[in-house]
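Step one of this worksheet: look at the structure below.
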Amino acid sequence: MNPIKNEVGTIFIPVKDIEKARDWYCDILGLSADGEVQFGHLYVLPMEGTGIVLDSKIYSEQNIFGAPVFHLNTENIKEAFDFLKSKEVEFATGIEHDHWFTFRDPDGNHIMVCKC
């Protein structure tokens, strides 16, 4: 019996300004940004499935995700791309293979959106 489960609990994203990051992520995910910043540096995004925690304590330029370490799901890749385009995000790629694309958050972390 292995005591470590084969499931991901939470992904920590390094962010420079916790309040600014909270507002940005909540906006693109359609979430209310009224949750509490914990311990002055953590914000838990209310996700379905695997959690995401924004953390300003771990932020440094060396910790920024230079490649996606997770992806957000969408049922319509074109609508997702157009939605983020309307939010004026910085894209790292266009829609690839009609299946996925990547963009950067305001701190430069690469995020992927993938058609499920």
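The values are calculated or read from the model by the stated rules, or taken from the named source; none is laboratory data. Because the structure is a prediction, the values reported are computed rather than measured. Here the Cβ is made from the backbone with ideal geometry for all residues, glycine too, and neighbour counts use every protein chain on show.
Among the residues of segment 62-71, none qualifies, meaning not one is touching a helix residue (DSSP H, G or I) at 6+ places or on another chain (Cβ under 6 Å), closer than 21 Å to Arg104 by Cβ and in a loop (DSSP other than H, G, I, E, B). Of all the residues in segment 25-50, those that are outside any loop (DSSP other than H, G, I, E, B) and either closer than 19 Å to Thr10 by Cα or touching a helix residue (DSSP H, G or I) at 6+ places or on another chain (Cβ under 8 Å) (or both) number 9. Just one of the listed residues (Trp24, Trp100) is out of contact with any Cys (no Cβ under 7 Å at 6 or more places or on another chain) and either of a type in the set (Gly, Ala, Ser) or surrounded by 15 or more Cβ atoms within 10 Å (Cβ to Cβ) (or both), namely Trp24. Looking across segment 1-23, the residues that are in a helix (DSSP H, G or I) and under 19 Å from Thr50 (Cα atoms) come down to Ala21, Arg22. Residues in segment 62-81 that are loosely packed, with under 11 Cβ neighbours inside 10 Å and free of Cβ contacts under 8 Å to residues at least 24 places away in the same chain were compared, and the one that is nearest to Thr10 (Cα to Cα) is Gln62. Remark: pairs (first residue in segment 44-57, over 18 Å from Asp34 (Cβ atoms); second residue at pLDDT below 95; Cβ separation under 6 Å; 6+ apart in sequence or on different chains) = Thr50/Val8. Inside segment 38-52, residues that are aliphatic (A, V, I, L, M) and surrounded by fewer than 14 Cβ atoms within 10 Å (Cβ to Cβ) make up a count of 0.
Lys57 meets all of the listed conditions (1) surrounded by fewer than 12 Cβ atoms within 10 Å (Cβ to Cβ); (2) of a type in the set (D, E, K, R); (3) assigned to a loop (DSSP other than H, G, I, E, B) but one, namely (1). Could you grab me the full set of residues in segment 22-44 that are touching a Pro at 6+ places or on another chain (Cβ under 7 Å) and within 16 Å of Asp107 (Cα to Cα)? Listed by number, the list holds a single entry, Trp24.
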